[in-house]
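K.L.:
If you scroll down you'll find the structure; I have some questions about it.
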Amino acid sequence: MRGIRTTFVFAELVKRAKELKYDFVFFDMGPSLGAINRAVLLAMDFFVVPMSIDVFSLWAIRNIGVTVTVWQKELETGCRLAEDPSEILELSPKGRIAFLGYVTQQHKERTGYDEEVSDDTGEPVKIKRRVRAYESIGATFPQKVNESLGTMFANPQMESHLGDIRHLGSLAPMSQSQHVPMISVKGTGSYTKLRKQARELYRGIAEKYLQNLDSNKS
């Protein structure tokens, strides 16, 4: 029971937050599959994976799919063999966690633009050129994510790629030094443009996140 109680420590925290009428509870986890992250993931309803555009991220996705599945099976076995099943109910164990999508980050554009056609208006839209090496690796992500995490999708029909977080120059370190979100960084000149780009970028990711969350309910 001590091991199960430790595993559900974050589940208890989420339960209390729900009792206080919180709409969302987010955990920003480090890139590891250690004991603390195991306890966090097993307590969650959903998870999102941020990934750099490289082969190491592809390996990590495969490891996440295999490891979380093993954790869930071990937890089910532990609960089934527990000395006091009634105490387990009090610990509020969670159901199976679902995958809401992934975000790719740290890509860098080349100088100049490519023209693409907008799906909404049919008008040509200028898009910053990306480095070709990023494109070739990133193109394999949808298939690899589906192979490793497809059985955990919140909805089989959802768009798993939530968006790209591109390089925003010095906006991120400036937000850290000022202790404010990137859209609130104080500064003129290029920061005015970067703040706008950050706002549009993260709004798009948030909208897709909420769409996938909503699709899980329907």
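The values are calculated or read from the model by the stated rules, or taken from the named source; none is laboratory data. Every value quoted in this text rests on a predicted model; they were computed, and no experiment measured them. Cβ coordinates were reconstructed from backbone atoms using ideal geometry, including for glycine residues, and neighbour counts include every protein chain displayed.
K.L.:
Among residues belonging to the range 184-207 that are small (Gly, Ala, Ser) and surrounded by 13 or more Cβ atoms within 10 Å (Cβ to Cβ), point out the one that is farthest from SER170 (Cα to Cα).
P.N.:
Taking the candidates together, the pick is GLY204.
K.L.:
Identify, please: which residue in the range 1-38 is of a type in the set (Ser, Thr, Tyr) and under 29 Å from LEU81 (Cα atoms) and is, among those, farthest from the chain's Cα centre (by Cα)?
P.N.:
Our first condition is that a residue be of a type in the set (Ser, Thr, Tyr); within the range 1-38, this holds for 6-7, 22, 32.
With under 29 Å from LEU81 (Cα atoms) added as a condition, the list becomes 6-7, 32.
Working: THR6: 24, THR7: 22, SER32: 14 Å.
The residue in question is THR6.
K.L.:
Identify, please: which residue in the range 208-218 is surrounded by 15 or more Cβ atoms within 10 Å (Cβ to Cβ) and of a type in the set (Ser, Thr, Tyr) and is, among those, modelled with the lowest pLDDT?
P.N.:
Selected residue: SER215.
K.L.:
Do we find that LEU194 is of a type outside the set (Gly, Ala, Ser), at pLDDT below 90 and either over 21 Å from the mean Cα position of the chain (by Cα) or not in a helix (DSSP H, G or I) (or both) in this structure?
P.N.:
Details: of a type outside the set (Gly, Ala, Ser): yes; at pLDDT below 90: yes; either over 21 Å from the mean Cα position of the chain (by Cα) or not in a helix (DSSP H, G or I) (or both): yes.
The answer is yes for LEU194.
K.L.:
What do you reckon, is ASP45 at pLDDT 85 or above, over 18 Å from GLY150 (Cβ atoms) and acidic (Asp, Glu)?
P.N.:
Against the criterion (at pLDDT 85 or above, over 18 Å from GLY150 (Cβ atoms) and acidic (Asp, Glu)), ASP45 qualifies.
Quick grid of which residues meet (1) in a helix (DSSP H, G or I); (2) of a type outside the set (Val, Ile, Thr); (3) surrounded by fewer than 17 Cβ atoms within 10 Å (Cβ to Cβ); (4) at pLDDT 85 or above:
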| position | (1), (2), (3), (4) |
| --- | --- |
| LEU13 | yes, yes, yes, yes |
| ARG16 | yes, yes, yes, yes |
| ASP23 | no, yes, yes, yes |
| PHE27 | no, yes, yes, yes |
| ARG38 | yes, yes, no, yes |
| TRP59 | yes, yes, yes, yes |
| VAL68 | yes, no, no, yes |
| ALA82 | no, yes, yes, no |
| ILE88 | yes, no, no, no |
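K.L.:
May I pose another question? May I ask you to verify whether VAL103 is modelled with pLDDT of 90 or more and touching a Gly at 6+ places or on another chain (Cβ under 9 Å)? I'd like the intermediate steps shown before the answer.
P.N.:
Values: modelled with pLDDT of 90 or more: yes; touching a Gly at 6+ places or on another chain (Cβ under 9 Å): yes.
Yes: the conditions hold for VAL103.
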